[in-house]
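Structure, as structure tokens:
The values are calculated or read from the model by the stated rules, or taken from the named source; none is laboratory data. Worth saying up front: this structure is predicted, and the values here are computed from it rather than measured. Using ideal geometry, Cβ is built from the backbone for each residue, glycine included, and neighbour counts are taken over all protein chains shown.
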Amino acid sequence: MTFRTPHRGAPRTARLALCLLTIAHRSATLPHPMNIKKALITAAGRNQRTLPLQTLVGQDGISRSALGVVIEEALSAGIEEIAVVIHPGDQAAYTEAAGPHGRRLRFIEQTEPRGYGHAVACGRAFTQEESFLLLVGDHVYVSASAVSCARQLVETAVSERSAVSAVQATHESKLPYYGAIGGRRVTGRDALYEIAEVLEKPTPTLAEQRLVIPGLRAAHYLCFFGMHVLTPSLMDLLEHQVSDTTGSVNLSTALSALARKERYLALETAGRRYDMGAKHGFLTAQLALSLAGRDREEVLAGLVELLAQRCR
């Protein structure tokens, strides 16, 4: 879109109108302002809703619910307001599981089982026209640095002024459990990728055809971490899906559309995600927390003793 500069003799009102039009056009093309103070946690899925209520021993050696662990992950990133999408009737259990954080939570009921994308769309009145952090209630995140995974993601979104999804290099055998991305590495940034495509639970054959990213180990793909910073545009795309279909609403479909609409990045986070809903997932998550915490030596000694007994 081109604007011509009015000549010096043009009326002042005409020049002012042109300036306002130019500013409006430039504002429309600028990246989203990123002041991320809200987090949305999804926990309404049929196979997911009880997992955040389970008790874990944190890295500090203190027992808390898995929901409490996820809430503290969000708070570590500077989040001030948190809403949890729940199944109808679960509010009391979740308030209790949140412990000292219970009073600060807002609860949003997903009254129809229409998929993960629909659960996220239910939070639109909460996120309004703001960018937000999205977490899943059945994942535990363990950072490989002093900075939490959520904070790494939020800081990247703020500096890049764009939507960013956390990803993790994942073996193709795990593709049936995750959404995966295709794209290219951002020049000069080892862990940052420009997303071109998003596929939900692709087959290894489809992933090999469309999602290969140079530099990853063979048979590995960048799969979602269960953590995203998303812009208001994502809610618009989900709203179209909700209105256009009576069936399941797919978040990956909206994310793929987001990549076509605006700059959308993936960050290979310095840390690991642990899906408590996977086979032995709760056990693995607990071990990961324990081995990253202050009781590491005690836990290792117990594991060595257990292995020794098994080898007799």
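Of all residues in the stretch 185-207, those that are touching a helix residue (DSSP H, G or I) at 6+ places or on another chain (Cβ under 8 Å) and either within 16 Å of Ala257 (Cβ to Cβ) or of a type in the set (D, E, K, R) (or both) total 7. When the stretch 241-256 is filtered for residues that are closer than 11 Å to Gly117 by Cβ and either in a helix (DSSP H, G or I) or touching a Gly at 6+ places or on another chain (Cβ under 6 Å) (or both), the ones remaining, listed by number, are Gln241, Val242, Ser248, Val249, Asn250, Leu251, Ser252, Thr253, Ala254, Leu255.
Looking for something crowded, with 24+ Cβ neighbours inside 10 Å, in a strand (DSSP E or B) and either in contact (Cβ under 8 Å) with a residue 12 or more places away in the chain or not charged (D, E, K, R) (or both) - is there at least one such residue anywhere in the stretch 198-214? Yes; the residues of the stretch 198-214 include at least one that is crowded, with 24+ Cβ neighbours inside 10 Å, in a strand (DSSP E or B) and either in contact (Cβ under 8 Å) with a residue 12 or more places away in the chain or not charged (D, E, K, R) (or both).
Restricting to the stretch 268-292, name every residue that is small (Gly, Ala, Ser) and touching a Ser or Thr at 6+ places or on another chain (Cβ under 6 Å). Ala270, Gly271 - these are the residues of the stretch 268-292 that are small (Gly, Ala, Ser) and touching a Ser or Thr at 6+ places or on another chain (Cβ under 6 Å).
Please indicate, with yes or no, whether at least one residue in the stretch 122-134 is part of a loop (DSSP other than H, G, I, E, B) and out of contact with any Pro (no Cβ under 9 Å at 6 or more places or on another chain). Scanning the stretch 122-134, I find at least one residue that is part of a loop (DSSP other than H, G, I, E, B) and out of contact with any Pro (no Cβ under 9 Å at 6 or more places or on another chain), so the answer is yes.
A quick yes/no check of all residues on (1) among the β-branched types (Val, Ile, Thr); (2) touching a Cys at 6+ places or on another chain (Cβ under 9 Å); (3) modelled with pLDDT of 95 or more; (4) crowded, with 18+ Cβ neighbours inside 10 Å:
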{"site": "Thr13", "(1), (2), (3), (4)": "yes, no, no, no"}
{"site": "Pro33", "(1), (2), (3), (4)": "no, no, no, no"}
{"site": "Ile36", "(1), (2), (3), (4)": "yes, no, yes, yes"}
{"site": "Ala43", "(1), (2), (3), (4)": "no, no, yes, yes"}
{"site": "Ser65", "(1), (2), (3), (4)": "no, no, yes, yes"}
{"site": "Ile71", "(1), (2), (3), (4)": "yes, no, yes, yes"}
{"site": "Val84", "(1), (2), (3), (4)": "yes, no, yes, yes"}
{"site": "His87", "(1), (2), (3), (4)": "no, no, yes, yes"}
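If the condition is being surrounded by 17 or more Cβ atoms within 10 Å (Cβ to Cβ) and more than 21 Å from the chain's Cα centre (by Cα), then the stretch 45-57 contributes only Leu56. Would the stretch 293-303 turn up any residue that is out of contact with any Ser or Thr (no Cβ under 7 Å at 6 or more places or on another chain), assigned to a helix (DSSP H, G or I) and among the β-branched types (Val, Ile, Thr)? No, every residue in the stretch 293-303 fails to be out of contact with any Ser or Thr (no Cβ under 7 Å at 6 or more places or on another chain), assigned to a helix (DSSP H, G or I) and among the β-branched types (Val, Ile, Thr).
Restricting attention to the stretch 217-233, which residues are of a type outside the set (Gly, Ala, Ser) and closer than 21 Å to Gln152 by Cα? Lay out the reasoning, then the answer.
At the first step, the residues of the stretch 217-233 found to be of a type outside the set (Gly, Ala, Ser) are 217, 220-225, 227-232.
Answer for the stretch 217-233, where residues must be of a type outside the set (Gly, Ala, Ser) and closer than 21 Å to Gln152 by Cα: Tyr221, Leu222, Cys223, Phe224, Phe225, Met227, His228, Val229, Leu230, Thr231, Pro232.
There is at least one residue in the stretch 266-282 that is among the aromatic types (Phe, Trp, Tyr), out of contact with any Lys or Arg (no Cβ under 7 Å at 6 or more places or on another chain) and outside any helix (DSSP H, G or I).
Selection over the stretch 59-82 of residues that are assigned to a loop (DSSP other than H, G, I, E, B), of a type in the set (Gly, Ala, Ser) and under 17 Å from the mean Cα position of the chain (by Cα) gives a count of 3. Tell me, which residue of the stretch 87-107 that is outside any helix (DSSP H, G or I) and touching a residue at least 40 places away in the same chain (Cβ under 8 Å) is farthest from the chain's Cα centre (by Cα)? Among those that are outside any helix (DSSP H, G or I) and touching a residue at least 40 places away in the same chain (Cβ under 8 Å), it is Asp90.
For the stretch 186-201, the criterion of being modelled with pLDDT of 95 or more, among the polar types (S, T, N, Q) and at negative phi is satisfied by no residue at all.
Picking from residues in the stretch 136-163 that are surrounded by fewer than 24 Cβ atoms within 10 Å (Cβ to Cβ) and among the acidic types (Asp, Glu), the one that is nearest to Arg189 (Cα to Cα) is Glu160. Out of all the residues in the stretch 51-58, is one or more modelled with pLDDT of 95 or more, hydrophobic (A, V, I, L, M, F, W, C) and not in a strand (DSSP E or B)? Checking the stretch 51-58: at least one residue is modelled with pLDDT of 95 or more, hydrophobic (A, V, I, L, M, F, W, C) and not in a strand (DSSP E or B).
With the condition kept exactly as written, say whether any residue in the stretch 229-237 is part of a strand (DSSP E or B), in contact (Cβ under 8 Å) with a residue 40 or more places away in the chain and out of contact with any Gly (no Cβ under 8 Å at 6 or more places or on another chain). Break it down into steps so the answer makes sense when it comes.
Initial filter on the stretch 229-237 (part of a strand (DSSP E or B)): 229-230.
Within this subset, residues satisfying the condition of being in contact (Cβ under 8 Å) with a residue 40 or more places away in the chain are 229-230.
Among the residues that remain, those that are also out of contact with any Gly (no Cβ under 8 Å at 6 or more places or on another chain) are: 229-230.
So far as the stretch 229-237 goes, yes, one or more of its residues are part of a strand (DSSP E or B), in contact (Cβ under 8 Å) with a residue 40 or more places away in the chain and out of contact with any Gly (no Cβ under 8 Å at 6 or more places or on another chain).
Hey, any hits in the stretch 171-180 for a residue that's touching a helix residue (DSSP H, G or I) at 6+ places or on another chain (Cβ under 8 Å) and not in a helix (DSSP H, G or I)? Looking through the stretch 171-180, at least one residue is touching a helix residue (DSSP H, G or I) at 6+ places or on another chain (Cβ under 8 Å) and not in a helix (DSSP H, G or I).
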